[in-house]
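Just below is one structure, and these are the notes that go with it.
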Amino acid sequence: MGSSLALSLRSADYPISEVVSRDRESSRRKAKALARRVRASASTLRAAQLDADLIWFCVPDREIAKCARSLEAKNWKGKIAMHSSGALTSDELQFLRNRGARVASAHPMMTFVDNANTSLRGVSFAIEGDREAVQAVRKMVRRLGGETFLIAKNDKALYHAWGTFISPLLTSLLAVAERVAKGAGVSSDMARRWMLPIARQTVENYTQHGGARGFSGPIIRGDTDTVRKHLRVLGKRPVAREVYVALARSALRTLPARNARELKALLR
């Protein structure tokens, strides 16, 4: 996420003065490579200058407060400090607020994986924190081509759970589907390739029409015989069967379905 953010900010003509990493050799190597791409200097926490007006913490949630405390002795007066956790609030940077910084959290609703530079254009950021910091991040996100919305501190965990449904748990579902395909004689490479058109169209249908009108398949048709066959053949694949039953039950609660009573009994 930090790499994608740095590259996007540089493309939007924001000067980046410093990329700060841990002291591990692998971390320093990555920081130097990124720093070269964004025309910044690379340093470690111990040697960080932090002479920028805005410092953005792109570290795991469990490390945010610890990282902020390790930099507490720096001059924070008049600076803006931000982190990108979806679940934690700006209060993780309270140490720096006490030192004169204005703090915020700004979480992009986007997925980031290693060795992939992800564009932030069109991405929505959930933000909260001190007024000056919130204003600064709103301006930055606009220049990145994204959107912002204010979120209450006590809503962040639920907001992040929403994001977890959208991406990591969706990836988990696709991985289970790949295993089912393999049982039907379809290789993993072919399964991923063949799943892409139907997965894309499903998301497109949902986006354009919503859940009820974007829903298809045996459950909306009330096809109990087909669902029964699915459950039988998935009996030898307990993980896939468990996922199927959980999602089918959820569909019966939230989406239209014929023969709902019979289907509920079948899935019990």
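Work out the FRET efficiency for A212 and A157 from their Cβ-Cβ distance, taking R0 = 25 Å, and round it to the nearest 0.05.
According to the calculation, E is roughly 0.35.
So, R0 is 30 Å and r is the distance between the beta-carbons of D91 and R142; what FRET efficiency does that work out to, to 0.05?
0.75
Enter the angle in degrees (range 0 to 90, nearest 10) between the Cα long axis of helix 224-233 and the first principal axis of the Cα atoms of the chain, meaning the one along which they spread out most.
70 degrees
Nearest-5 percent of antiparallel DSSP beta bridges in the chain?
25 percent
Could you work out which residue, out of S41, S26, S17, moves most in a Gaussian network model of the chain, that is, has the largest mean-square fluctuation with Cα springs under 10 Å?
Highest fluctuation of the listed residues: S26.
Hey, could you grab the Kirkwood Rh for the stretch 2-153? Inverse mean 1/r over distinct alpha carbon pairs, Å, one decimal.
Taking every pair of different Cα atoms in the stretch 2-153, averaging 1/r and inverting gives 15.5 Å.
Can you tell me the FRET efficiency between L169 and K229 if r is taken as the Cβ-Cβ distance and R0 is 25 Å, rounded to the nearest 0.05?
0.45
Give me the percent relative contact order of the stretch 37-109, please, defined on Cα pairs under 8 angstrom at least 6 residues apart.
30 percent
Tell me, what is the percent relative contact order of the chain, built from C-alpha pairs under 8 Å that lie six or more residues apart?
Relative CO of the chain lands at 11 percent.
Working only with C-alpha atoms, what are the Rg and Dmax values of the stretch 51-107, expressed in angstrom?
In order Rg, Dmax, the Cα atoms of the stretch 51-107 give 9.9, 28 Å.
Tilt of helix 168-183 relative to the longest C-alpha principal axis of the chain, in degrees (0 to 90, nearest 10)?
40 degrees
Within the stretch 92-113, whose backbone N sits under 20 Å from a point 7 Å along Cα→Cβ of E72?
92-105
Return the whole-Å distance between the Cα centroid of the stretch 197-268 and the Cα centroid of the stretch 8-86.
46 Å
Gain in length, F149 to S187, computed as 0.36 nm per residue apart minus the alpha-carbon separation, to one decimal in nm?
Value of the extension gain: 9.4 nm.
What ratio of Cα Rg to 2.2 N^0.38 Å holds for the stretch 166-267?
It is 1.09.
Readers should treat all values here as calculations from the given coordinates under stated rules, not as data from a laboratory. Note that the structure is predicted; figures quoted are calculated from it, not measured. Note that each Cβ is placed from the backbone with ideal geometry, even for glycine, and that neighbours are counted across all protein chains shown.
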